[in-house]
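Presented below is the structure to which this report refers.
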Amino acid sequence: MDIQDLIIDDRKRGVFRVHRSCMTSSDLFQRERELIFDRCWIYLGHESEVERPGDYRRRTVAGRPLFFVRGKDGQIRVFFNSCPHRGATICRRDAGNAEVLRCFYHAWTFNTRGELIGVPRREAYGPDFDPSELGLKKPPRVDSYRGFYFVSFNAQGEDLVTYLAGGRDYLDLVVDQAEEGMRVIPGSNKYAMKANWKLLAENSLDGYHLIPTHRTYVDYMTGLGTDDSGDTLAARPPGAGRALGNGHCVSENIARNGRPIARWHPIFGEEARERIARVRERLVQKYGEDRAYRMADTSRNLLIYPNLLIMDFVAISIRYIEPVSPDRMKVTAWHLVPREESDAALTTRLDSYLTFLGPGGFATPDDVEALESCQAGFRATEAEWSDISRGMLTPCPGTADELQMRGFWRQWHANMQGLDTTDVQDGPPATSQAAAASSEAGDPGHCRTGER
C-alpha cells in the first residue's frame, strides 16, 4: 500500500481510519526512524537529573546511545556514548558522578567537556596524532525548554521553541505550578510491551477507555469517596481533547480527584487543607484567577510528539516511549515534583503515582494488556483498518473523543510522506494565515475545559 493511502481522513463525512500495517510493517518502522526520529526534536532528560558538576545520565534516544553530563562550569552537555577510539560505551551505568570519563576498554580519558585528556602510552602515536580531533562527538543539535532537554539528529530544521508549538503553554502550566522549580525524583520505572509504540501514544491521550478498561480503579476510588464517576462516561465532565500543532496533543480534564499542588481533596488529609489553600492563593496572585484555575483545577495528559508524555494530574510523571521493533517498545517513567514540596505532600504524590501509573498499579497493567491485545489482533490481516473517528464532527471534542489522536496521526502521516507540517485539526483545511495560526495553537477559543 502506498504511504498516502495508509490513512483515510474524510473530514466532510467525519471518517478517520488508520491502516493496521502502520503498527506491523518493518518497512514502515524503518521509515519512521528516518523521517520522524532522525528529524524531530526528541526528549533526552531533565536538568534536575544532573544537579552537581560531574553528574551524568545515560539514555537511548532514537536508537542511539547518549549521555548528558554537567560540567564544572555548570553547563549541561550531551555526547554520543561511544569512545572515538574503538567505539566502546563510555558510561556503563545509567547514572553516576565522575570527575573524568574513562573508557574501560583502553582507558582513553575525557573531561566533562568531552575533550580527550588522557591516552595510555601516548608516545606510541605519530607526531600528527591530535587529541583535539578525538573528543567525544555531540549530536547535531541540543536545546532545552523550561528544564526539559531535547536533541535533534537533523542539523537543519526549526528551532525547539518553534517545534513545540502549542505544547509550550502546557509545559508552562506544569513548570509554573512550582514556586522553586521542578525536579525529577531519583529512580525510574521501566517496563516493556509487546506492542507498537504508537499505541501507547494513543492510549495515553484516550479518555474513552478509562472506565471500561480501568473499572477496578474507578470502583476503588468510588469506594474511598474520592470519585463520583458513576457507571458511564456520561457521568464524567467532558474535558477537552486538543491538537496543538506539529503532532503535539493534549487531553485536559477537570481535576475531579484533586491536585496536591493546589487543590485540596480529602485524600490528602485535613492537615493539608491550609497548605494547599496557600499554594493556590500564591498562584492566583502571581498568574491571575484564570491561569491559576488551569493549574489547580484541571489536569492534563500531554504528548510532545513523537514519544514524550507528561501526565499531570494527582501526580506528575514523565513517560518516554522507546520504539524497539514494529511490535515491541520499552517505556521509562520518571516522577516530577516541585522542589519545595514537603515530605508529607511528596509521599502523597508518590503514593498516588504508584497506585495508578506504577508498573504494578491499577492502570499500567490494564493498559499493557489492552495494547498487547491490540497487537495480537492485528494478526487478523483481513481486518485492515482501525477507526479513530469519534467526535470528528463535534465542535468541541472532549477527552473521550479522538481529536488528540487524529492530531498525532495526521502529523505522523505527513512526516512519513516527507512533509514537515500539516493541518492537524478537524474540519476543512486552514485557508488563511490566521486560521493556520489557530490550528497550530490547538485552541479554537470557544472550547473550554469546565467552568470555574
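Note down the nm distance, to one decimal, between modelled labels 7 Å out along Cα→Cβ at R102 and at R121.
1.7
Among I318, A370, T399, pick out the residue whose Cα is farthest towards the positive end of the charge dipole of segment 312-407, where Lys and Arg carry +1 and Asp and Glu carry -1 on C-beta, about the Cα centre.
I318
Tally Lys/Arg at +1 and Asp/Glu at -1 over every other residue whose Cβ is under 12 Å from the Cβ of C91; what's the total?
Neighbourhood net charge equals +4.
Relative to the longest principal axis of the chain, what angle (0 to 90°, nearest 10) does the C-alpha long axis of helix 343-356 take?
80
Using amide H atoms built 1.01 Å from N in the peptide plane, name the residues 5+ places from G118, or on other chains, whose amide H lies under 5 Å from its own.
Under 5 Å from the amide H of G118: T109.
Count charges around Y56 for me, please; just the other residues with Cβ under 12 Å from its Cβ, Lys/Arg as +1, Asp/Glu as -1.
Here the count lands on +3.
Within segment 31-73, list the residues whose amide N lies under 11 Å from a label point set 7 Å along Cα→Cβ of R93.
It comes to 56, nothing else.
Placing unit charges on C-beta atoms (Lys and Arg positive, Asp and Glu negative, everything else neutral), compute the dipole magnitude of segment 42-152 about its Cα centre in debye, rounded to 20. Mind dumping the intermediate values first?
Details: 19 positive and 13 negative charges, 67 e Å.
Charge dipole of segment 42-152: 320 debye, to the nearest 20.
State to the nearest 20 debye the size of the charge dipole of segment 286-353 about its Cα centre, where the only charges are +1 on K and R beta carbons and -1 on D and E beta carbons.
Dipole magnitude for segment 286-353 comes out near 220 debye.
Can you give me the Rg/Rh ratio for segment 1-64, using Cα atoms for both radii and the Kirkwood formula for Rh?
That ratio equals 1.21.
Taking the Cα centre as origin and putting +1 on Lys and Arg beta-carbons and -1 on Asp and Glu beta-carbons, what dipole magnitude results for the chain, to the nearest 20 debye?
It works out to roughly 1000 debye.
Using the charge dipole of the chain (Lys, Arg: +1 at Cβ; Asp, Glu: -1 at Cβ; taken about the Cα centre), state which of G245, M23, F80 has its Cα farthest towards the positive end.
Value computed over the given set: F80.
What per residue convex hull volume, in Å³, do the alpha-carbon atoms of segment 42-152 yield?
100
Hey, could you grab the Kirkwood Rh for the chain? Inverse mean 1/r over distinct alpha carbon pairs, Å, one decimal.
Computed over Cα pairs of the chain, the Kirkwood hydrodynamic radius comes out at 23.4 Å.
What nm distance separates the two modelled labels at D143 and A277, each placed 7 Å from Cα along Cα→Cβ?
According to this spin-label approximation, the distance is 4.4 nm.
Any idea which of V119, A107, Y43 is furthest toward the positive side of the dipole for segment 42-152, if Lys and Arg beta-carbons carry +1 and Asp and Glu beta-carbons -1?
Final value for the positive-end residue is Y43.
Each reported figure results from applying straightforward, stated rules to the coordinates on display, with no laboratory input. Since the model is a prediction, treat every value here as computed from it, not as a measurement. Neighbour counts run over all protein chains shown; Cβ positions are idealised from the backbone, glycine included.
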